[in-house]
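Here is the structure we will look at.
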Amino acid sequence: MTPAICVEHLTVTFGEGMLAFRAVDDVSFSVMPGTAFGLVGESGCGKSTVMGAIAGRLTDWQGKIAIDGEPISGRRTLPQRARVQMVFQDPYGSLHPRHTIERTLLEPLEIHGLDDRDRRIGKVLEQVGLPQRFRYRFPHQLSGGQRQRVAIARALILSPKVMLLDEPTSALDVSVQAEVLNLLKTLQEDQGLTYLLVSHDMAVIAHVCDQIAVMREGRFVELTDKQRLIAGAVENDYTRLLREGV
Amino acid sequence: MAKPTQPMLDVENLKVRFRTLAGPIEAVRGVSFTLGKEKLGIIGESGSGKTMTGRAVMRLLPKSAEIIADKLQFEDVDLSTATERQMQSVRGRRIGMILQDPKYSLNPVMSVGQQISEMARFHLRVGKREAEERTLAMLEQVHIRDPHRVYRLYPHEVSGGMGQRIMIAMMLVASPSLIIADEPTSALDVSVRGQILELLDEIVVSRGIGLMFISHDLNMVRSFCDRVLIMYAGRIVETIAASELENARHPYTIGLLEALPRIDAPRDRLAVLQRDPSWLEPTR
(Lines give C-alpha, C1' and ligand atoms only; values in the text may rest on other atoms or scores of the structure.)
Protein backbone atom coordinates (compact mmCIF):
# COMPACT_ATOMS: atom_id res chain seq x y z
CA MET A 1 0.00 0.00 0.00
CA THR A 2 1.22 3.51 -0.78
CA PRO A 3 1.56 5.72 2.27
CA ALA A 4 -0.85 8.68 2.39
CA ILE A 5 1.99 10.89 3.56
CA CYS A 6 5.62 10.08 2.89
CA VAL A 7 8.31 12.42 4.15
CA GLU A 8 11.97 11.72 3.46
CA HIS A 9 14.91 13.67 4.81
CA LEU A 10 12.91 16.82 5.30
CA THR A 11 15.07 19.77 6.33
CA VAL A 12 13.84 23.31 6.80
CA THR A 13 16.30 26.14 7.37
CA PHE A 14 15.37 29.70 8.20
CA GLY A 15 17.84 32.53 7.61
CA GLU A 16 21.22 32.37 5.95
CA GLY A 17 24.93 32.07 6.74
CA MET A 18 25.81 32.69 10.36
CA LEU A 19 22.20 33.24 11.33
CA ALA A 20 20.85 30.11 9.68
CA PHE A 21 18.57 28.15 11.94
CA ARG A 22 17.67 24.58 11.16
CA ALA A 23 14.09 24.26 12.40
CA VAL A 24 13.64 20.76 11.01
CA ASP A 25 16.69 18.57 10.67
CA ASP A 26 16.51 15.49 8.46
CA VAL A 27 13.13 14.09 9.45
CA SER A 28 11.64 11.03 7.73
CA PHE A 29 8.35 9.26 8.34
CA SER A 30 5.39 7.81 6.50
CA VAL A 31 1.72 7.55 7.40
CA MET A 32 -0.49 4.76 6.04
CA PRO A 33 -3.94 5.69 4.72
CA GLY A 34 -6.64 5.76 7.39
CA THR A 35 -4.20 6.02 10.29
CA ALA A 36 -3.22 8.89 12.52
CA PHE A 37 0.31 10.08 13.09
CA GLY A 38 1.13 12.28 16.05
CA LEU A 39 3.90 14.82 16.37
CA VAL A 40 4.53 15.77 19.96
CA GLY A 41 7.02 18.22 21.37
CA GLU A 42 7.42 21.54 23.11
CA SER A 43 7.30 25.00 21.62
CA GLY A 44 10.00 25.60 19.06
CA CYS A 45 10.76 21.93 18.44
CA GLY A 46 9.80 22.15 14.77
CA LYS A 47 6.54 20.20 14.83
CA SER A 48 4.48 22.97 13.25
CA THR A 49 7.21 23.57 10.67
CA VAL A 50 6.96 19.93 9.55
CA MET A 51 3.24 20.43 9.18
CA GLY A 52 3.74 23.74 7.38
CA ALA A 53 5.96 22.07 4.77
CA ILE A 54 3.39 19.33 4.15
CA ALA A 55 0.55 21.85 4.01
CA GLY A 56 2.39 24.02 1.52
CA ARG A 57 2.54 27.01 3.81
CA LEU A 58 6.30 26.80 3.55
CA THR A 59 7.83 26.49 0.12
CA ASP A 60 11.50 26.53 0.97
CA TRP A 61 12.44 23.09 2.23
CA GLN A 62 14.78 20.26 1.24
CA GLY A 63 13.95 16.59 1.02
CA LYS A 64 10.98 14.71 -0.39
CA ILE A 65 7.30 14.90 0.42
CA ALA A 66 4.77 12.67 -1.31
CA ILE A 67 1.02 12.68 -0.77
CA ASP A 68 -0.69 9.48 -1.94
CA GLY A 69 2.49 8.55 -3.75
CA GLU A 70 2.55 11.76 -5.73
CA PRO A 71 5.63 13.87 -5.02
CA ILE A 72 4.87 17.50 -4.31
CA SER A 73 7.20 20.38 -4.83
CA GLY A 74 7.07 24.08 -5.51
CA ARG A 75 3.73 25.23 -6.86
CA ARG A 76 0.89 22.86 -6.24
CA THR A 77 -2.04 22.08 -8.46
CA LEU A 78 -5.58 22.62 -7.17
CA PRO A 79 -6.31 18.89 -6.76
CA GLN A 80 -3.07 18.53 -4.80
CA ARG A 81 -4.18 21.29 -2.48
CA ALA A 82 -7.66 19.87 -2.02
CA ARG A 83 -6.16 16.56 -1.00
CA VAL A 84 -4.47 18.07 2.08
CA GLN A 85 -6.57 20.27 4.35
CA MET A 86 -5.75 21.86 7.65
CA VAL A 87 -7.47 22.66 10.95
CA PHE A 88 -5.86 25.32 13.12
CA GLN A 89 -5.50 25.72 16.85
CA ASP A 90 -7.59 28.75 17.53
CA PRO A 91 -11.15 28.70 16.20
CA TYR A 92 -11.48 32.33 17.29
CA GLY A 93 -8.74 33.39 14.92
CA SER A 94 -9.19 30.99 12.02
CA LEU A 95 -12.72 31.99 10.99
CA HIS A 96 -13.50 35.27 9.25
CA PRO A 97 -15.43 37.30 11.83
CA ARG A 98 -17.63 39.02 9.26
CA HIS A 99 -18.47 36.00 7.14
CA THR A 100 -21.45 33.81 7.95
CA ILE A 101 -20.74 30.12 8.38
CA GLU A 102 -22.25 29.52 4.93
CA ARG A 103 -19.93 32.11 3.39
CA THR A 104 -16.95 30.50 5.12
CA LEU A 105 -17.90 27.05 3.80
CA LEU A 106 -18.61 28.39 0.32
CA GLU A 107 -15.14 29.78 -0.15
CA PRO A 108 -13.26 26.49 -0.65
CA LEU A 109 -16.01 25.36 -3.06
CA GLU A 110 -15.59 28.52 -5.13
CA ILE A 111 -11.80 28.28 -5.18
CA HIS A 112 -11.92 24.67 -6.30
CA GLY A 113 -14.79 25.22 -8.73
CA LEU A 114 -17.08 22.61 -7.21
CA ASP A 115 -20.80 22.62 -7.99
CA ASP A 116 -23.81 21.41 -6.02
CA ARG A 117 -22.71 23.81 -3.33
CA ASP A 118 -25.87 23.94 -1.27
CA ARG A 119 -26.02 20.18 -0.87
CA ARG A 120 -22.32 19.95 -0.02
CA ILE A 121 -22.66 22.55 2.72
CA GLY A 122 -25.74 20.83 4.11
CA LYS A 123 -23.95 17.49 4.16
CA VAL A 124 -20.76 18.73 5.77
CA LEU A 125 -22.66 20.54 8.53
CA GLU A 126 -24.44 17.29 9.26
CA GLN A 127 -21.16 15.40 9.34
CA VAL A 128 -19.70 17.69 11.98
CA GLY A 129 -22.90 17.63 14.00
CA LEU A 130 -24.08 21.21 13.51
CA PRO A 131 -27.72 22.09 12.80
CA GLN A 132 -28.53 23.58 9.39
CA ARG A 133 -29.65 26.88 10.89
CA PHE A 134 -26.03 27.63 11.78
CA ARG A 135 -25.42 28.51 8.13
CA TYR A 136 -26.66 32.00 8.73
CA ARG A 137 -24.75 32.68 11.90
CA PHE A 138 -21.53 34.58 12.42
CA PRO A 139 -18.56 33.11 14.32
CA HIS A 140 -19.18 35.34 17.35
CA GLN A 141 -22.59 33.72 17.77
CA LEU A 142 -20.98 30.30 18.20
CA SER A 143 -19.17 28.70 21.12
CA GLY A 144 -15.53 27.64 20.84
CA GLY A 145 -16.43 24.01 20.23
CA GLN A 146 -18.97 24.92 17.55
CA ARG A 147 -16.43 27.13 15.83
CA GLN A 148 -13.91 24.33 15.77
CA ARG A 149 -16.59 22.14 14.18
CA VAL A 150 -16.99 24.79 11.48
CA ALA A 151 -13.22 24.81 10.93
CA ILE A 152 -13.31 21.01 10.59
CA ALA A 153 -16.27 21.30 8.18
CA ARG A 154 -14.34 23.79 6.05
CA ALA A 155 -11.45 21.31 5.77
CA LEU A 156 -13.79 18.38 5.15
CA ILE A 157 -15.88 19.98 2.43
CA LEU A 158 -13.17 19.37 -0.20
CA SER A 159 -13.17 15.63 0.61
CA PRO A 160 -9.47 15.58 1.48
CA LYS A 161 -7.41 12.43 1.93
CA VAL A 162 -5.20 13.97 4.56
CA MET A 163 -6.16 16.29 7.42
CA LEU A 164 -3.47 18.28 9.15
CA LEU A 165 -4.56 19.06 12.71
CA ASP A 166 -2.47 21.72 14.44
CA GLU A 167 -3.32 21.60 18.16
CA PRO A 168 -7.03 21.34 17.29
CA THR A 169 -8.25 21.21 20.89
CA SER A 170 -5.68 23.24 22.82
CA ALA A 171 -7.89 26.32 22.97
CA LEU A 172 -10.93 24.37 24.17
CA ASP A 173 -12.25 23.35 27.57
CA VAL A 174 -11.84 19.74 28.66
CA SER A 175 -15.47 18.81 28.07
CA VAL A 176 -15.50 20.45 24.64
CA GLN A 177 -12.18 18.87 23.78
CA ALA A 178 -13.77 15.46 24.39
CA GLU A 179 -16.56 16.24 21.92
CA VAL A 180 -14.17 17.43 19.22
CA LEU A 181 -11.82 14.47 19.68
CA ASN A 182 -14.78 12.09 19.42
CA LEU A 183 -15.92 13.84 16.24
CA LEU A 184 -12.45 13.56 14.72
CA LYS A 185 -12.38 9.83 15.48
CA THR A 186 -15.82 9.26 13.97
CA LEU A 187 -14.92 11.18 10.82
CA GLN A 188 -11.73 9.21 10.46
CA GLU A 189 -13.54 5.89 10.72
CA ASP A 190 -16.36 6.88 8.37
CA GLN A 191 -14.23 8.40 5.65
CA GLY A 192 -10.90 6.66 6.03
CA LEU A 193 -9.12 9.96 6.59
CA THR A 194 -5.43 10.15 7.34
CA TYR A 195 -4.50 12.48 10.18
CA LEU A 196 -1.33 14.25 11.06
CA LEU A 197 -1.87 15.65 14.54
CA VAL A 198 0.44 18.13 16.19
CA SER A 199 0.06 18.59 19.93
CA HIS A 200 2.00 19.25 23.09
CA ASP A 201 -0.44 17.08 25.05
CA MET A 202 0.72 13.50 25.21
CA ALA A 203 -2.66 12.25 26.43
CA VAL A 204 -4.44 13.71 23.39
CA ILE A 205 -1.79 12.27 21.07
CA ALA A 206 -2.04 8.83 22.66
CA HIS A 207 -5.83 8.96 22.41
CA VAL A 208 -5.95 9.77 18.69
CA CYS A 209 -2.75 8.50 17.08
CA ASP A 210 -1.49 5.09 16.02
CA GLN A 211 2.10 6.21 15.44
CA ILE A 212 3.82 8.88 17.47
CA ALA A 213 7.00 10.84 16.91
CA VAL A 214 8.56 12.86 19.72
CA MET A 215 10.39 15.91 18.43
CA ARG A 216 13.08 18.01 20.01
CA GLU A 217 15.26 20.65 18.41
CA GLY A 218 14.14 19.74 14.91
CA ARG A 219 14.76 16.00 15.17
CA PHE A 220 12.78 12.92 16.11
CA VAL A 221 14.11 11.69 19.41
CA GLU A 222 11.76 8.72 19.43
CA LEU A 223 9.38 7.05 17.04
CA THR A 224 6.88 4.86 18.83
CA ASP A 225 3.32 3.57 18.60
CA LYS A 226 0.18 3.85 20.68
CA GLN A 227 0.56 0.52 22.49
CA ARG A 228 4.12 1.18 23.54
CA LEU A 229 3.30 4.70 24.66
CA ILE A 230 0.34 3.56 26.74
CA ALA A 231 2.34 0.72 28.25
CA GLY A 232 5.06 3.21 29.13
CA ALA A 233 7.58 1.22 27.11
CA VAL A 234 9.40 4.34 25.95
CA GLU A 235 13.13 4.46 25.44
CA ASN A 236 13.90 8.13 25.54
CA ASP A 237 14.03 10.11 28.78
CA TYR A 238 12.53 13.12 27.10
CA THR A 239 9.54 11.07 25.91
CA ARG A 240 9.11 9.86 29.46
CA LEU A 241 9.20 13.41 30.76
CA LEU A 242 6.49 14.51 28.33
CA ARG A 243 4.44 11.42 29.01
CA GLU A 244 4.46 11.83 32.73
CA GLY A 245 4.03 15.59 32.60
CA VAL A 246 2.97 16.77 36.02
CA MET B 1 -10.19 16.03 54.10
CA ALA B 2 -7.05 18.02 54.89
CA LYS B 3 -7.96 20.42 57.68
CA PRO B 4 -6.85 23.92 56.84
CA THR B 5 -4.94 25.66 59.61
CA GLN B 6 -6.66 28.75 61.00
CA PRO B 7 -8.02 30.42 57.87
CA MET B 8 -6.35 33.60 56.67
CA LEU B 9 -9.02 34.14 54.08
CA ASP B 10 -12.69 33.71 54.84
CA VAL B 11 -15.17 34.18 52.02
CA GLU B 12 -18.89 33.85 52.52
CA ASN B 13 -21.52 34.17 49.84
CA LEU B 14 -19.35 36.15 47.44
CA LYS B 15 -21.05 37.52 44.37
CA VAL B 16 -19.55 39.42 41.48
CA ARG B 17 -22.05 41.25 39.35
CA PHE B 18 -21.46 43.15 36.13
CA ARG B 19 -23.70 45.93 34.95
CA THR B 20 -24.25 45.54 31.25
CA LEU B 21 -26.63 47.11 28.75
CA ALA B 22 -28.60 43.88 28.77
CA GLY B 23 -28.99 44.02 32.56
CA PRO B 24 -26.83 42.70 35.38
CA ILE B 25 -24.84 39.52 34.84
CA GLU B 26 -23.62 37.51 37.80
CA ALA B 27 -20.23 35.95 37.08
CA VAL B 28 -19.80 34.66 40.62
CA ARG B 29 -23.02 33.61 42.28
CA GLY B 30 -22.56 33.00 45.98
CA VAL B 31 -19.19 31.38 46.66
CA SER B 32 -18.08 30.45 50.18
CA PHE B 33 -14.73 29.02 51.23
CA THR B 34 -11.87 29.46 53.64
CA LEU B 35 -8.17 29.29 52.95
CA GLY B 36 -5.43 28.51 55.44
CA LYS B 37 -1.76 27.70 55.01
CA GLU B 38 -2.49 25.26 52.22
CA LYS B 39 -2.54 24.83 48.48
CA LEU B 40 -6.13 25.32 47.45
CA GLY B 41 -6.98 24.58 43.84
CA ILE B 42 -9.88 26.26 42.08
CA ILE B 43 -10.92 24.33 39.02
CA GLY B 44 -13.42 25.26 36.38
CA GLU B 45 -13.93 25.72 32.67
CA SER B 46 -13.90 29.06 30.92
CA GLY B 47 -16.64 31.29 32.24
CA SER B 48 -17.05 29.39 35.50
CA GLY B 49 -16.03 32.42 37.55
CA LYS B 50 -12.75 31.06 38.91
CA THR B 51 -10.66 34.02 37.78
CA MET B 52 -13.30 36.52 38.95
CA THR B 53 -13.23 34.90 42.40
CA GLY B 54 -9.47 35.43 42.61
CA ARG B 55 -9.73 38.97 41.31
CA ALA B 56 -12.54 39.84 43.72
CA VAL B 57 -10.26 38.93 46.63
CA MET B 58 -7.70 41.40 45.26
CA ARG B 59 -10.48 43.85 44.42
CA LEU B 60 -8.99 43.97 40.94
CA LEU B 61 -12.13 44.22 38.87
CA PRO B 62 -13.32 46.73 36.31
CA LYS B 63 -15.52 49.60 37.45
CA SER B 64 -18.62 47.98 36.01
CA ALA B 65 -18.24 45.12 38.49
CA GLU B 66 -19.89 45.05 41.86
CA ILE B 67 -18.56 42.84 44.66
CA ILE B 68 -21.13 41.68 47.19
CA ALA B 69 -20.29 39.36 50.05
CA ASP B 70 -21.59 38.47 53.49
CA LYS B 71 -17.97 38.14 54.50
CA LEU B 72 -14.69 38.83 52.71
CA GLN B 73 -12.14 38.76 55.47
CA PHE B 74 -8.39 38.55 54.90
CA GLU B 75 -6.49 38.33 58.19
CA ASP B 76 -7.46 41.58 59.95
CA VAL B 77 -8.74 43.35 56.85
CA ASP B 78 -12.36 43.38 55.76
CA LEU B 79 -11.81 43.40 52.01
CA SER B 80 -15.39 44.33 51.19
CA THR B 81 -15.24 47.63 53.06
CA ALA B 82 -11.53 48.47 52.89
CA THR B 83 -10.73 51.80 51.26
CA GLU B 84 -8.62 51.95 48.14
CA ARG B 85 -5.75 53.24 50.32
CA GLN B 86 -6.00 50.23 52.61
CA MET B 87 -6.21 47.95 49.59
CA GLN B 88 -2.91 49.33 48.38
CA SER B 89 -1.23 48.05 51.50
CA VAL B 90 -2.79 44.63 50.90
CA ARG B 91 -2.35 44.26 47.17
CA GLY B 92 1.15 43.11 46.35
CA ARG B 93 2.27 43.55 49.95
CA ARG B 94 0.17 40.94 51.73
CA ILE B 95 -1.55 39.21 48.82
CA GLY B 96 0.62 38.46 45.84
CA MET B 97 -0.57 37.49 42.41
CA ILE B 98 1.01 35.46 39.61
CA LEU B 99 -0.59 35.63 36.21
CA GLN B 100 -0.60 33.27 33.28
CA ASP B 101 1.85 34.71 30.84
CA PRO B 102 5.04 36.51 31.97
CA LYS B 103 5.38 37.90 28.45
CA TYR B 104 2.42 40.17 29.07
CA SER B 105 2.71 40.76 32.80
CA LEU B 106 6.24 42.16 32.88
CA ASN B 107 7.00 45.73 31.87
CA PRO B 108 8.81 45.45 28.53
CA VAL B 109 10.83 48.68 28.92
CA MET B 110 12.25 48.04 32.38
CA SER B 111 14.95 45.52 33.26
CA VAL B 112 13.62 42.69 35.35
CA GLY B 113 15.88 43.62 38.25
CA GLN B 114 14.51 47.16 38.32
CA GLN B 115 10.98 45.82 38.35
CA ILE B 116 11.64 43.60 41.34
CA SER B 117 13.51 46.41 43.14
CA GLU B 118 10.59 48.71 42.57
CA MET B 119 8.37 46.29 44.47
CA ALA B 120 10.79 46.27 47.39
CA ARG B 121 11.10 50.05 47.44
CA PHE B 122 7.38 50.61 47.14
CA HIS B 123 6.16 48.05 49.64
CA LEU B 124 9.03 47.77 52.08
CA ARG B 125 10.20 51.39 51.87
CA VAL B 126 13.84 50.40 51.60
CA GLY B 127 16.61 52.35 49.87
CA LYS B 128 17.95 51.73 46.41
CA ARG B 129 20.99 49.77 47.53
CA GLU B 130 18.99 47.51 49.85
CA ALA B 131 16.27 46.95 47.28
CA GLU B 132 18.91 45.76 44.88
CA GLU B 133 20.40 43.41 47.44
CA ARG B 134 17.00 41.97 48.25
CA THR B 135 16.27 41.52 44.57
CA LEU B 136 19.48 39.60 43.99
CA ALA B 137 18.76 37.41 47.00
CA MET B 138 15.26 36.79 45.74
CA LEU B 139 16.44 35.86 42.25
CA GLU B 140 18.74 33.35 43.87
CA GLN B 141 15.86 31.94 45.89
CA VAL B 142 13.86 31.23 42.76
CA HIS B 143 16.91 29.28 41.52
CA ILE B 144 18.17 31.69 38.92
CA ARG B 145 21.79 30.76 38.48
CA ASP B 146 23.40 34.09 37.68
CA PRO B 147 21.33 36.78 39.45
CA HIS B 148 23.71 39.64 38.61
CA ARG B 149 23.40 38.94 34.90
CA VAL B 150 19.63 38.34 34.97
CA TYR B 151 19.08 41.55 36.97
CA ARG B 152 20.00 43.60 33.92
CA LEU B 153 18.01 41.59 31.37
CA TYR B 154 14.80 42.86 29.79
CA PRO B 155 11.68 40.68 29.64
CA HIS B 156 12.12 39.85 25.94
CA GLU B 157 15.55 38.43 26.72
CA VAL B 158 14.31 35.74 29.08
CA SER B 159 12.51 32.46 28.40
CA GLY B 160 8.97 31.71 29.55
CA GLY B 161 10.11 29.63 32.50
CA MET B 162 12.65 32.24 33.57
CA GLY B 163 9.99 34.94 33.18
CA GLN B 164 7.68 33.07 35.51
CA ARG B 165 10.52 32.68 38.05
CA ILE B 166 11.01 36.44 37.86
CA MET B 167 7.29 37.01 38.42
CA ILE B 168 7.46 34.76 41.47
CA ALA B 169 10.55 36.58 42.77
CA MET B 170 8.84 39.92 42.28
CA MET B 171 5.85 38.83 44.23
CA LEU B 172 7.87 37.21 47.00
CA VAL B 173 10.02 40.25 47.67
CA ALA B 174 7.18 41.80 49.68
CA SER B 175 6.71 38.48 51.58
CA PRO B 176 2.94 38.15 51.14
CA SER B 177 1.01 35.69 53.29
CA LEU B 178 -1.37 34.74 50.50
CA ILE B 179 -0.58 34.06 46.85
CA ILE B 180 -3.17 33.95 44.12
CA ALA B 181 -1.81 32.11 41.10
CA ASP B 182 -4.08 32.33 38.08
CA GLU B 183 -3.08 29.64 35.57
CA PRO B 184 0.61 30.21 36.38
CA THR B 185 1.90 27.45 34.13
CA SER B 186 -0.56 27.41 31.23
CA ALA B 187 1.78 29.33 28.94
CA LEU B 188 4.74 27.09 29.74
CA ASP B 189 6.06 23.90 28.22
CA VAL B 190 5.57 20.65 30.08
CA SER B 191 9.21 20.26 31.09
CA VAL B 192 9.37 23.81 32.49
CA ARG B 193 5.96 23.51 34.14
CA GLY B 194 7.24 20.88 36.55
CA GLN B 195 10.10 23.10 37.69
CA ILE B 196 7.83 26.08 38.32
CA LEU B 197 5.37 23.98 40.32
CA GLU B 198 8.24 22.56 42.35
CA LEU B 199 9.46 26.07 43.07
CA LEU B 200 5.99 27.25 44.10
CA ASP B 201 5.57 24.24 46.33
CA GLU B 202 8.94 24.81 47.98
CA ILE B 203 8.14 28.46 48.69
CA VAL B 204 4.60 27.93 49.90
CA VAL B 205 5.58 25.12 52.25
CA SER B 206 8.78 26.64 53.62
CA ARG B 207 7.30 30.08 54.23
CA GLY B 208 3.86 28.93 55.36
CA ILE B 209 2.05 30.86 52.66
CA GLY B 210 -1.53 30.23 51.61
CA LEU B 211 -1.90 29.52 47.91
CA MET B 212 -4.99 29.91 45.79
CA PHE B 213 -4.21 28.01 42.61
CA ILE B 214 -6.62 28.76 39.78
CA SER B 215 -6.48 26.32 36.89
CA HIS B 216 -8.45 24.40 34.32
CA ASP B 217 -6.02 21.49 34.40
CA LEU B 218 -7.47 18.72 36.55
CA ASN B 219 -4.42 16.50 36.40
CA MET B 220 -2.11 19.24 37.51
CA VAL B 221 -4.30 20.37 40.38
CA ARG B 222 -4.78 16.79 41.46
CA SER B 223 -1.08 16.22 41.90
CA PHE B 224 -0.18 19.68 43.17
CA CYS B 225 -2.88 20.96 45.55
CA ASP B 226 -4.11 19.83 48.94
CA ARG B 227 -7.75 20.70 48.47
CA VAL B 228 -9.82 21.50 45.40
CA LEU B 229 -12.91 23.62 44.79
CA ILE B 230 -14.76 22.79 41.60
CA MET B 231 -16.62 25.72 40.12
CA TYR B 232 -19.44 25.63 37.62
CA ALA B 233 -21.41 28.62 36.36
CA GLY B 234 -20.30 30.92 39.19
CA ARG B 235 -20.84 28.45 42.01
CA ILE B 236 -18.77 25.92 43.89
CA VAL B 237 -20.32 22.54 43.14
CA GLU B 238 -17.89 20.46 45.12
CA THR B 239 -15.04 20.82 47.62
CA ILE B 240 -12.79 17.82 47.92
CA ALA B 241 -9.29 16.79 49.02
CA ALA B 242 -7.10 16.58 45.92
CA SER B 243 -6.16 13.00 46.76
CA GLU B 244 -9.86 12.10 46.88
CA LEU B 245 -10.68 13.60 43.47
CA GLU B 246 -11.01 10.10 42.05
CA ASN B 247 -13.99 9.61 44.37
CA ALA B 248 -15.72 12.89 43.51
CA ARG B 249 -19.46 12.79 43.91
CA HIS B 250 -20.81 15.72 41.94
CA PRO B 251 -21.78 14.67 38.40
CA TYR B 252 -19.98 17.71 36.95
CA THR B 253 -16.67 16.76 38.59
CA ILE B 254 -17.11 13.15 37.51
CA GLY B 255 -17.99 14.31 33.99
CA LEU B 256 -14.88 16.48 33.79
CA LEU B 257 -12.65 13.64 34.94
CA GLU B 258 -14.17 11.26 32.42
CA ALA B 259 -13.88 13.70 29.54
CA LEU B 260 -10.12 13.80 30.02
CA PRO B 261 -8.05 11.60 27.71
CA ARG B 262 -5.74 9.50 29.84
CA ILE B 263 -2.67 7.56 28.90
CA ASP B 264 -3.14 5.15 31.79
CA ALA B 265 -6.77 4.41 30.90
CA PRO B 266 -7.22 4.50 27.11
CA ARG B 267 -10.74 4.48 25.72
CA ASP B 268 -12.10 4.42 22.22
CA ARG B 269 -14.42 7.37 22.81
CA LEU B 270 -14.27 9.97 25.54
CA ALA B 271 -17.27 10.52 27.77
CA VAL B 272 -19.13 13.66 26.83
CA LEU B 273 -20.34 15.87 29.63
CA GLN B 274 -24.12 16.10 29.79
CA ARG B 275 -24.89 19.38 31.48
CA ASP B 276 -27.74 19.25 33.95
CA PRO B 277 -29.70 22.48 34.50
CA SER B 278 -30.00 21.59 38.19
CA TRP B 279 -26.25 22.26 38.58
CA LEU B 280 -27.04 25.92 38.18
CA GLU B 281 -29.04 25.89 41.40
CA PRO B 282 -27.38 26.44 44.74
CA THR B 283 -26.46 23.20 46.48
CA ARG B 284 -28.29 22.36 49.70
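The values are calculated or read from the model by the stated rules, or taken from the named source; none is laboratory data. As the structure is a prediction and not an experimental result, all values here were calculated from the model. Note: ideal-geometry Cβ built from the backbone for every residue, glycine included; neighbour counts use all protein chains shown.
Do we have any residue at all in region B:37-45 that's more than 30 Å from B:GLU246 (Cα to Cα) and either touching a residue at least 60 places away in the same chain (Cβ under 8 Å) or under 15 Å from the mean Cα position of the chain (by Cα) (or both)? There is no residue in region B:37-45 that is more than 30 Å from B:GLU246 (Cα to Cα) and either touching a residue at least 60 places away in the same chain (Cβ under 8 Å) or under 15 Å from the mean Cα position of the chain (by Cα) (or both).
Note on region A:165-221: residues that are of a type outside the set (A, V, I, L, M, F, W, C), facing chain B (nearest Cβ under 9 Å) and surrounded by fewer than 23 Cβ atoms within 10 Å (Cβ to Cβ) amount to 8. Of the residues contained in region B:204-213, none is found to be in a strand (DSSP E or B), in the same structural domain as B:ILE43 (by TED's automatic domain parsing), within 14 Å of the chain's Cα centre (by Cα) and surrounded by fewer than 22 Cβ atoms within 10 Å (Cβ to Cβ).
Would you call B:SER278 assigned by TED's automatic domain parsing to the domain that holds B:PRO24, farther than 22 Å from B:ILE95 by Cβ, of a type in the set (S, T, N, Q) and more than 24 Å from the chain's Cα centre (by Cα)? Taking the combined requirement at face value, the residue satisfies it. The residues of region B:47-60 that are part of a loop (DSSP other than H, G, I, E, B) and under 29 Å from B:VAL205 (Cα atoms), listed by number, are B:SER48, B:GLY49, B:ARG59, B:LEU60.
Against the condition among the polar types (S, T, N, Q) and within 16 Å of the chain's Cα centre (by Cα), how does B:THR51 come out, does it pass? Considered against the rule, which asks whether it is among the polar types (S, T, N, Q) and within 16 Å of the chain's Cα centre (by Cα), B:THR51 comes out as yes. Per the listing A:ARG243, A:ARG228, the residue uniquely more than 8 Å from chain B (Cβ to nearest Cβ) and not in a strand (DSSP E or B) is A:ARG228.
Quick check: anything in region B:145-163 within 14 Å of chain A (Cβ to nearest Cβ) and in a loop (DSSP other than H, G, I, E, B)? The answer is yes, given that some residue of region B:145-163 is within 14 Å of chain A (Cβ to nearest Cβ) and in a loop (DSSP other than H, G, I, E, B). The test for being farther than 20 Å from A:ILE5 by Cβ and at pLDDT below 95 holds for A:HIS140. Would you call A:ALA66 over 26 Å from A:GLN148 (Cβ atoms) and modelled with pLDDT under 90? Criteria not met by A:ALA66.
Determine which single condition B:PRO184 fails, assuming it passes every other condition in (1) within 22 Å of B:PHE74 (Cβ to Cβ); (2) part of a helix (DSSP H, G or I); (3) within 14 Å of chain A (Cβ to nearest Cβ). Here B:PRO184 clears every test but (2).
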